[in-house]
1. I need the full set of residues from region 168-196 which are small (Gly, Ala, Ser) and in a helix (DSSP H, G or I), in order please.
2. Across region 28-39, what is the total count of residues that are in contact (Cβ under 8 Å) with a residue 40 or more places away in the chain and either more than 27 Å from GLY92 (Cβ to Cβ) or surrounded by fewer than 22 Cβ atoms within 10 Å (Cβ to Cβ) (or both)?
3. Would you tally the residues in region 47-67 being under 19 Å from GLY11 (Cβ atoms) and not in a loop (DSSP other than H, G, I, E, B)?
4. Among the residues of region 85-119, how many are part of a loop (DSSP other than H, G, I, E, B), charged (D, E, K, R) and over 24 Å from LEU21 (Cα atoms)?
5. How about region 129-161: which of its residues are free of Cβ contacts under 8 Å to residues at least 12 places away in the same chain and part of a helix (DSSP H, G or I)?
6. Please enumerate the residues belonging to region 143-166 that are within 18 Å of ALA183 (Cβ to Cβ) and of a type in the set (Lys, Arg).
7. Output the number of the condition that SER178 fails; it satisfies all remaining conditions of (1) farther than 26 Å from GLU83 by Cβ; (2) of a type outside the set (Val, Ile, Thr); (3) crowded, with 21+ Cβ neighbours inside 10 Å.
8. If only one of LEU82, LEU41 is under 17 Å from the mean Cα position of the chain (by Cα), under 19 Å from ILE120 (Cβ atoms), not in a loop (DSSP other than H, G, I, E, B) and not aromatic (Phe, Trp, Tyr), which one is it?
Amino acid sequence: MPANSLPSKIGVIIFPGFHLLDYAGPLDALNILSADHPLTLCTIAATLDPVPTQNSLQDKQGSQFSQSIVPTHTFDNAPDDLEVLLLPGGIGSRGPESDKWMKPQVEYLKRLDLSGKGSIKWVLTVCTGSEILARTGLLDGRRATTNKRAFGDVKAKHPNVEWVAKARWVVDGNIWTSSGISAGIDVTFAWIAEVFGEETAQYVADRSEYERNVDAGNDRYAERWGTV
């Protein structure tokens with residue numbers, strides 16, 4: 001891709017109970033990339049209050065082990081010229097009350113043009129971020145994957161999506177979905193390779209001292225968690 005057409009504006013949506021590595025893993029790779037390519041990050045949430053990772057499972061154990069991220073924008077004032085949108089997952093997006101908790105996120109996603117024809121050219125999801133995206137109907141009829149421990153529940157909830165059980169990540173048009181948690185790092189490097197070039201992707205991985213998974217169709221955690 002010509003340098004003058006490379007994407008520079010990246011948005012990430014977070015919510016209470018998001019998984020930290022879903023957010024921080026991809027962004028660490030992009031942080032390193034931004035030393036050589038101009039990038040702007042927008043972290044978007046319902047309000048500008050710090051968004052905690054604390055979730056219901058920790059609450060049940062009496063744990064207080066949360067990290068918080070301060071958003072840069074809300075759903076009401078987020079930039080309208082984002083080129084890449086990243087959707088982390090997490091325990092906060094699941095559970096019996098998740099439809100209520102996630103309503104602002106889903107409504108915001110529905111307002112966006114995620115077809116690839118508007119300003120947003122790519123959508124990347126990590127873990128159950130794909131389940132959040134599926135609530136908009138955008139994944140109906142498309143191939144996608146998600147967290148392998150949650151795979152059965154996600155598939156049952158969204159039967160019109162062609163969920164790929166074994167995949168580490170799946171690319172369907174401009175939508176890149178990845179498996180659980182650390183797979184978000186692998187899909188980010190795959191996306192960097194596609195858009196910025198393989199040499200750049202490997203350079204960033206080497207700077208991170210990260211051993212990339214490069215086989216999109218093979219996620220060993222599918223066997224570990226009984227998905228296949």
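Quick note: the coordinates plus some simple rules give every number you see, no bench work behind them. Keep in mind it's a predicted model, so treat the numbers as computed, not measured. All Cβ positions, glycine included, derive from the backbone under ideal geometry; neighbour counts span all protein chains shown.
1. ALA183, GLY184, ALA190, ALA193
2. Total satisfying the criteria: 6.
3. 1
4. Qualifying residue count, region 85-119: 2.
5. Scanning region 129-161 gives LYS155, ALA156.
6. Within region 143-166, ARG143, LYS148, ARG149, LYS155, LYS166 qualify.
7. Single failed check for SER178: (1).
8. LEU41
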